[in-house]
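Undergrad: Have a look at this one.
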Amino acid sequence: MENAFKHADTQSENAFISIVVELSNGYFILSVSNKMSNQNPLKKDSSGIGVSSLEKRLKYLYEDRYKLQKVL
């Protein structure tokens, strides 16, 4: 979710960040979207491990009973 803020085009007049949480048919669904900026994101010494860390946690907690979709 923090990537939505990190990569959002907050300077644009039509900027948005959308976070939708649903429980549907026994499934927890979290959808996050934003208008991406054309500028390069701020670089930090340690970054880029958020998604892999999330995937490892999901695998540990739910084994193969989860689905993670990433779309750009």
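The values are calculated or read from the model by the stated rules, or taken from the named source; none is laboratory data. All of these numbers come straight from a predicted model, not from anything done at the bench. Here Cβ is always computed from backbone atoms with ideal geometry, including for glycine, and neighbour counts include all displayed protein chains. Heads up: the accessible areas ignore ligands, DNA and RNA and are worked out on the full protein's heavy atoms, side chains in. Shrake-Rupley method; radii C 1.70, N 1.55, O 1.52, S 1.80 Å.
Undergrad: Looking at the structure I just gave you, is Leu58 modelled with pLDDT of 90 or more and in a strand (DSSP E or B)?
TA: Taking the combined requirement at face value, the residue does not satisfy it.
Undergrad: Report whether or not Leu30 is at pLDDT 85 or above and open to solvent by 90 Å² or more (accessible area, probe 1.4 Å).
TA: no
Undergrad: Filter the range 48-69 down to the residues that are of a type in the set (Asp, Glu) and surrounded by 11 or more Cβ atoms within 10 Å (Cβ to Cβ) and list them by number.
TA: Within the range 48-69, just Glu55 meets the criteria.
Undergrad: Pairs, please: C-beta under 6 Å, at least 6 apart or cross-chain, first residue of a type in the set (A, V, I, L, M) and at pLDDT below 75 and in the range 1-12, second open to solvent by less than 30 Å² (accessible area, probe 1.4 Å) and part of a loop (DSSP other than H, G, I, E, B)?
TA: none
Undergrad: Of all residues being over 25 Å from Lys67 (Cβ atoms) and not hydrophobic (A, V, I, L, M, F, W, C) in the range 9-27, which is farthest from the chain's Cα centre (by Cα)? Just the residue, please.
TA: That would be Glu13.
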